[in-house]
Structures are given as C-alpha cells and as structure tokens.
1. Does the stretch 37-122 come out rounded, prolate or oblate, given a ≥ b ≥ c as the square roots of the eigenvalues of its C-alpha gyration tensor, rounded meaning a/c under 1.5 and, failing that, prolate meaning a/b above b/c?
2. From the square roots a ≥ b ≥ c of the eigenvalues of the alpha-carbon gyration tensor of the stretch 97-143, which class results: rounded (a/c under 1.5), prolate (a/b over b/c), or oblate?
Amino acid sequence: MDRKKFVRTLGICVVGIPLASQVLQSCTSIYYANTSEEAGKITVAKSEFLNEKEKQRQFVLVTPRGTDFPISLYKMGEDDYVASLLKCTHRGCELNVGGNIYSCPCHGSEFTTTGEVLEGPAEQQLKTFKTTTDDQNIYIYFS
Ligand code: FES
C-alpha cells in the first residue's frame with residue numbers, strides 16, 4: 001500500500017469508528033418492553049426501565065395487540081410516565097424516537113415527549129393514554 005492510500009485509509013478509520021459507535025449506541029437505545037395486556041390495560045414492570053447495565057432507560061416502546069403503531073412510554077420523573085401513540089397526526093406515518101422528541105420521517109413534523117406539536121405540518125397533538133403506577137408496575141389504559 002502506498003503512503004497516500006495508507007493515510008486516506010487511516011483517516012477513514014479515525015473518522016468512521018467514532019461515527020459507527022454513535023450509530024450503534026443510538027440503535028441500542030430502542031427497547032421493546034415485555035408487557036401483559038388485559039381488558040384494555042397494559043402492564044409494564046418498572047424493571048423494564050433498567051437496561052442490562054442497571055441504568056435507567058428514558059423510555060420503552062410497547063406494542064399493544066392488534067395495533068399497527070407502538071406506544072412510547074416515556075419516564076418524565078419518579079412515578080410520572082406519559083404514554084403516546086407513535087402515529088403522526090398529519091397523515092399517519094410511524095414516528096421515530098430520539099433526542100427527546102418524536103419526529104416524523106414522512107413530512108418532518110416533530111412532537112414533544114408529552115405529545116405536543118413542536119413543528120408542523122401536523123397540527124394536532126399525539127394521542128396519549130392515561131397511566132397509573134404502583135410499587136412494581138406502570139399501567140397504560142389503552143382503548
Ligand atoms: S405524516 Fe407526519 S408529517 Fe406528514
């Protein structure tokens with residue numbers, strides 16, 4: 001390998017490895033929680049918010065039976081959770097989660113983690129569901 005080619009390859013590695021690492025880290029932050037579901041109530045154990053390193057997740061995704069869109073269960077504080085349907089209110093695309101916002105890949109709408117519109121063209125807030133908690137679980141009232 002000549003010197004010029006070696007330097008170019010080294011440069012790609014120096015820039016590429018940290019970028020690849022960030023991309024992989026962002027991929028691993030999406031976690032689909034184990035849940036149980038009964039009569040319109042979804043149960044999520046609070047332990048689902050702990051990752052394999054015992055660190056707190058900010059959110060988990062929940063997939064109710066018979067639905068096309070996941071629910072994002074976002075931890076706002078101690079025993080304070082918001083459950084939002086990840087369906088864009090503009091034309092119904094599935095939203096992405098990242099950087100403490102929900103963003104739409106179709107036309108660029110953005111929503112806060114409580115479902116409020118940050119950026120159009122969407123005009124209506126996301127559908128959210130009532131949540132309650134006890135010592136062990138979070139309950140999403142899905143109907
Ligand atoms: S469907 Fe989401 S912005 Fe259009």
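1. Details: a/c = 2.17, a/b = 1.43, b/c = 1.52.
It is oblate, given that a/c is not under 1.5 and a/b is not larger than b/c.
2. Details: a/c = 3.22, a/b = 2.20, b/c = 1.46.
Here the stretch 97-143 falls in the prolate category.
Where a number appears in this text, it was derived from the coordinates with a stated rule and is not lab data. Just so we're clear, the structure is a prediction, and the values are computed from it rather than from any experiment.
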